[in-house]
Amino acid sequence: MNWGYKILLVFAVFVSGILYMVYSSFNHNIDLVSTNYYEEELKYQDVIDATERANGLSAKLICEVRDDTLYVKFPAEMKQRQVKAELWLYFVADKKKDIKTSMVTSTGQLSVPLTSFNKGMHDVKVSWEAEGAQYYFEQKIFIQ
């Protein structure tokens, strides 16, 4: 085999590799965190303010997993108050495993049942409102 055929063979392998990468990238599913990035960026100052308000409380919000249930315990100031909370259990690797739920409590505690489907690293994002003030808390948890 002379050098001309070798160059042609290398070029053919290179082109077929590029075509395979293009084909596989079109068939790969990529979930975005949000489809409304621009709108959420404009509202992000509200999240920063709510986070500062939550950090100003006497204690931090506590998220823990026990017996296939996620327990969210609010600081002492939130007990005896009507708390409207929105909880987002965000799974980075697969959007189908996300859990979004809204709850109302006056006991200062929430519980969300989990399944074996929810195993892995999650971001727990809790935004809540109490007496007209907005609060926000975020924490990473690992569910086994």
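The values are calculated or read from the model by the stated rules, or taken from the named source; none is laboratory data. Just so it is clear, the model here is predicted, and its values are computed rather than measured. Note: ideal-geometry Cβ built from the backbone for every residue, glycine included; neighbour counts use all protein chains shown.
Name the residues in segment 37-61 that are small (Gly, Ala, Ser) and surrounded by fewer than 13 Cβ atoms within 10 Å (Cβ to Cβ), would you? Before the answer, list the steps.
Pass one, segment 37-61, residues small (Gly, Ala, Ser): 50, 54, 56, 58-59.
Across segment 37-61, the qualifying residues are Gly56, Ser58, Ala59.
Out of (1) polar (S, T, N, Q); (2) within 25 Å of Ile141 (Cα to Cα); (3) not assigned by TED's automatic domain parsing to the domain that holds Lys100, the odd one out for Ser16 is which?
(2)
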